[in-house]
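Heads up: the structure comes next, in structure tokens.
The values are calculated or read from the model by the stated rules, or taken from the named source; none is laboratory data. All values reported here derive from a predicted model rather than from experimental measurement. Cβ atoms come from the backbone with ideal geometry, glycine included; neighbour counts cover every protein chain shown.
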Amino acid sequence: MKEPLLVDKIEVNDDLFLWMTQIRREIHQYPELGFKEYKTSELITKKLEEIDIDFRSGLCETGVVAEIGSNKRGKFIALRADMDALPIKEETGLPFSSKEKDIMHACGHDGHVAMLLGAAFLLKRFEHRLKSPVRLIFQPAEEAGAGAKAMIDAGALKDVAMIFAGHIDPNFQVGEIGYKPGLLNAYADGFEIYLTGEGGHGARPHEGKDALVAAAHLILSLQTLSSRCIDPLSPHVISVGQMQIGDAPNCIAHHGVIKGTVRSTDSKVREDILLGIKRCCDSISEMMNIKVELKWIQSYPPVINDEFALSIAKEAAEKIVGEKGLKLIMLPSLGGEDFAYYLEVVKGAMLRFGASVSKYKKQYPLHNPKFDFDEEVFKVGAAFLAQVAILAGDLLINV
């Protein structure tokens, strides 16, 4: 590859863009679920060897950590990309569609890996400009499994002062970078509700205790929490996504389970929702005379951008896309994101890289079987990640 031209800002040339595109498409064809990203990890290490960057692989099974300028003094600036796929059957019709049954990259993690490798290429070629060493974290299991926490436990943040990441976002156009001070992503919690009644014949329902009817009442009652019990000005959602109940059409259901997710942006609202779900369970149990057990599953904490780190990220973003390309995000996302674990340990920030394909075709949302993004985002994302590492290192030395 020819070296990209650097003048006042970092830029990605056509050769590097093609290199990243090929990487993304290879990963997209062979998606892997959390902690099983063996092919992806192997490809990452192959590309790091190609550009002569030292790395450690096999962290948390498939994680990879690489370092640039590790001979320099001071703490590291870290850049992170997640690399796992989702258990979704792809319906994009792309020529490089998933070859794995019922698994696809529907959240852009294939693009995140490609961009971080692109940033690695840029940073290696201009290593002399680094004031602080840079650590690249290729992380497994963001979608499920809290891979970030596992990587922290494996030492990925040792001697790290700040960490940055970006996420592909179809709500923005290519050439736009979204940023939000403070809370970017919500608390992401789950719940499971187990109902136990007494089975019986459908022709004699009075002889049993119907877990199915109780579950139906419970699901409807949960919807009233948002509409009547929680402050409507605080973004939150309670969604039931699964119900498994009943054995036969002519039997009274003996037992069942309801599973769902809760997203919230305020710790008090989060607590109010939990208490509300408990009240609903207790009420249905009393009314239907069945046993109802609630299991609350605390998942990812909220992503809260650090003010100082975000100021550096904004400066880097403006160098790449200009002032007009910077877009303030007004409301937090209710999606969960395990980058939050890193921010509990060190200062950092996550931004959003515009990648909508709406200029060419219909844009489908993240986690949709038809989700795709504009690969031109690689030019923005790789340049930003390299730029923010350089800027953060400059400032860190002077702090």
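Looking at region 29-122, the strands (runs of 3 or more DSSP E) lying wholly inside it that each contain 3 or more residues that are out of contact with any Asp or Glu (no Cβ under 8 Å at 6 or more places or on another chain) and over 22 Å from Phe17 (Cβ atoms) sit at 54-59, 63-68. Would you say Glu90 is touching a Pro at 6+ places or on another chain (Cβ under 9 Å) and of a type outside the set (A, V, I, L, M)? Against the criterion (touching a Pro at 6+ places or on another chain (Cβ under 9 Å) and of a type outside the set (A, V, I, L, M)), Glu90 qualifies.
Gly190 meets each of the listed conditions (1) without any contact (Cβ under 8 Å) to a residue 12 or more places away in the chain; (2) assigned to a strand (DSSP E or B); (3) not aliphatic (A, V, I, L, M) apart from (1). Of all the criteria given as (1) modelled with pLDDT under 95; (2) not assigned by TED's automatic domain parsing to the domain that holds Leu195; (3) not aliphatic (A, V, I, L, M), the one not satisfied by Glu307 is (1). Scan region 10-28 and tell me whether some residue there is farther than 28 Å from Gly322 by Cβ, surrounded by 18 or more Cβ atoms within 10 Å (Cβ to Cβ) and acidic (Asp, Glu). So far as region 10-28 goes, no, none of its residues is farther than 28 Å from Gly322 by Cβ, surrounded by 18 or more Cβ atoms within 10 Å (Cβ to Cβ) and acidic (Asp, Glu). Residues considered: Lys324, Lys379. Of these, the only one that is farther than 26 Å from Ser239 by Cβ, part of a helix (DSSP H, G or I) and touching a residue at least 60 places away in the same chain (Cβ under 8 Å) is Lys379. Set side by side, the residues Asp231, Asp159, Asp169, Asp153 differ, and just one is more than 23 Å from Met330 (Cα to Cα) and either out of contact with any strand residue (DSSP E or B) (no Cβ under 9 Å at 6 or more places or on another chain) or crowded, with 20+ Cβ neighbours inside 10 Å (or both), which is Asp153. Suppose we filter Glu375, Glu344, Glu337 for residues that are among the acidic types (Asp, Glu), surrounded by fewer than 17 Cβ atoms within 10 Å (Cβ to Cβ) and modelled with pLDDT of 95 or more; which single one remains? Going through Glu375, Glu344, Glu337 in turn, just one is among the acidic types (Asp, Glu), surrounded by fewer than 17 Cβ atoms within 10 Å (Cβ to Cβ) and modelled with pLDDT of 95 or more: Glu344. Among the conditions (1) under 14 Å from the mean Cα position of the chain (by Cα); (2) buried (at least 23 other Cβ atoms within 10 Å of the Cβ); (3) in a helix (DSSP H, G or I), Gln387 misses just one, which is (1).
Can you tell me which residue is surrounded by the fewest Cβ atoms within 10 Å (Cβ to Cβ) among those in region 274-284 that are touching a residue at least 60 places away in the same chain (Cβ under 8 Å) and either touching a helix residue (DSSP H, G or I) at 6+ places or on another chain (Cβ under 6 Å) or among the small types (Gly, Ala, Ser) (or both)? Step by step, filter region 274-284, then rank; the result is Ser283.
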